[in-house]
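Everything below concerns the one structure shown next.
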Amino acid sequence: MTDLEILAVMALALGAGSMVKGATGIGIPVVALPILATVVGLPHAIAVQTIPVLFTNIWQVWQFRKVWPELKPLKFLFLGGLVGIPLGTLLLTIIPERALSGMLALLLFLYIGLKVSKPHFVLSMDAGQRLAPVAGVAAGTMQAATGVSAPVSITFLHSLKLTRNGYLFAVALLFALFSVIQIPSLLIAGVMTGPILVQGLLSMIPVLICMPLGAWIGRRLSQRTFDYLVLVLLSVVGVQLLVEAIWG
């Protein structure tokens with residue numbers, strides 16, 4: 001592919017991902033990363049997406065900042081996520097990535113099965129507060145070890161039955177913290193090069209156009225539709241992890 005064709009694919013993939021992000025809180029890694037990885041390879045794809053991922057999450061943290069009092073009981077979720085990053089880096093050198101992907105997919109499908117069979121299942125905020133440090137460490141560990149924390153972080157937050165704004169804020173804050181740590185790591189490792197950084201900055205053009213459109217769509221979804229849409233996206237992540245676990 002020519003450089004122009006690659007940029008066009010990046011624009012389309014990141015535009016679609018940011019639209020889903022605006023509506024549901026997750027989207028760029030789920031939608032854009034698999035497409036980008038087939039075109040430029042996984043390390044390049046991860047590096048390119050870090051800029052729009054960081055920006056979109058900071059955007060949503062600011063947009064929904066007023067709900068922070070609702071989420072104060074979960075503060076150790078975010079602190080635990082930072083603790084989990086070095087643990088995940090260690091696991092990455094010990095446990096095969098395919099084994100980790102398989103375990104995550106299994107946990108994810110167990111949760112989806114629970115929500116489908118018992119749609120009224122909700123984790124209380126008291127229980128969530130007690131489990132927040134464990135969930136945070138697990139999410140950070142999986143983010144560093146596999147590049148995907150959604151099976152842990154999104155599953156945990158979704159089970160709390162937060163308001164839409166509370167859920168979006170919590171997801172954005174957690175993913176923003178992960179991105180802040182990941183970008184320097186990519187620079188040190190030599191993965192984030194000058195040309196890739198320029199590509200990441202150029203990708204902000206479709207993001208700025210598509211994310212507000214996704215947010216507009218999301219505001220018009222009922223809470224029930226919103227919850228089911230998140231479950232669909234979790235299913236997509238689960239299938240991706242399962243394919244990686246089986247075929248690599």
Leu91 vs. criteria in contact with a Ser or Thr (Cβ under 7 Å, 6 or more places away or on another chain), over 18 Å from Gln240 (Cβ atoms) and of a type in the set (A, V, I, L, M):
yes
What number of residues within the range 1-22 are open to solvent by less than 20 Å² (accessible area, probe 1.4 Å) and either of a type in the set (Val, Ile, Thr) or within 15 Å of the chain's Cα centre (by Cα) (or both)?
5
Of all residues in the range 23-39, which are open to solvent by 40 Å² or more (accessible area, probe 1.4 Å) and touching a residue at least 24 places away in the same chain (Cβ under 8 Å)?
Pro29, Pro34, Ile35, Val39
Would you check which residues across the range 54-75 are touching a Ser or Thr at 6+ places or on another chain (Cβ under 8 Å), open to solvent by 20 Å² or more (accessible area, probe 1.4 Å) and either β-branched (Val, Ile, Thr) or outside any helix (DSSP H, G or I) (or both) and list them?
Val67
How about the range 186-211: which of its residues are within 18 Å of the chain's Cα centre (by Cα) and either surrounded by fewer than 15 Cβ atoms within 10 Å (Cβ to Cβ) or small (Gly, Ala, Ser) (or both)?
Gly200, Ser203
Cβ-Cβ below 7 Å, separation at least six or inter-chain, first residue in the range 229-246 and buried (at least 16 other Cβ atoms within 10 Å of the Cβ), second among the hydroxyl-bearing types (Ser, Thr, Tyr) and modelled with pLDDT under 80: which pairs?
Leu241/Ser101; Glu244/Ser101; Ala245/Ser101
Kindly list, by first and then second residue, each pair from a residue in the range 62-89 that is under 17 Å from Gly136 (Cβ atoms) to a residue that is at pLDDT 90 or above and of a type in the set (D, E, K, R), limited to pairs with Cβ atoms under 9 Å and residues at least 6 apart or on different chains.
Pro73/Asp126
Report yes if some residue within the range 109-132 is touching a Phe, Trp or Tyr at 6+ places or on another chain (Cβ under 9 Å), open to solvent by 30 Å² or more (accessible area, probe 1.4 Å) and under 24 Å from Thr50 (Cα atoms); otherwise report no.
no
Taking Gly102, is it small (Gly, Ala, Ser) and within 16 Å of the chain's Cα centre (by Cα)?
no
Identify all residues within the range 1-19 that are in contact with a Cys (Cβ under 9 Å, 6 or more places away or on another chain) and of a type outside the set (Gly, Ala, Ser); write none if there are none.
Leu14, Met19
Note: among Leu71, Leu91, just one is closer than 18 Å to Ala135 by Cα and at pLDDT 85 or above, namely Leu71
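The values are calculated or read from the model by the stated rules, or taken from the named source; none is laboratory data. As the structure is a prediction and not an experimental result, all values here were calculated from the model. Methodologically, a virtual Cβ is constructed for each residue, glycine included, from the backbone with ideal geometry; neighbour enumeration extends over all protein chains shown. For the accessible areas, the whole protein counts, side chains as well, though only heavy atoms, and no ligand, DNA or RNA atoms are used. Shrake-Rupley method; radii C 1.70, N 1.55, O 1.52, S 1.80 Å.
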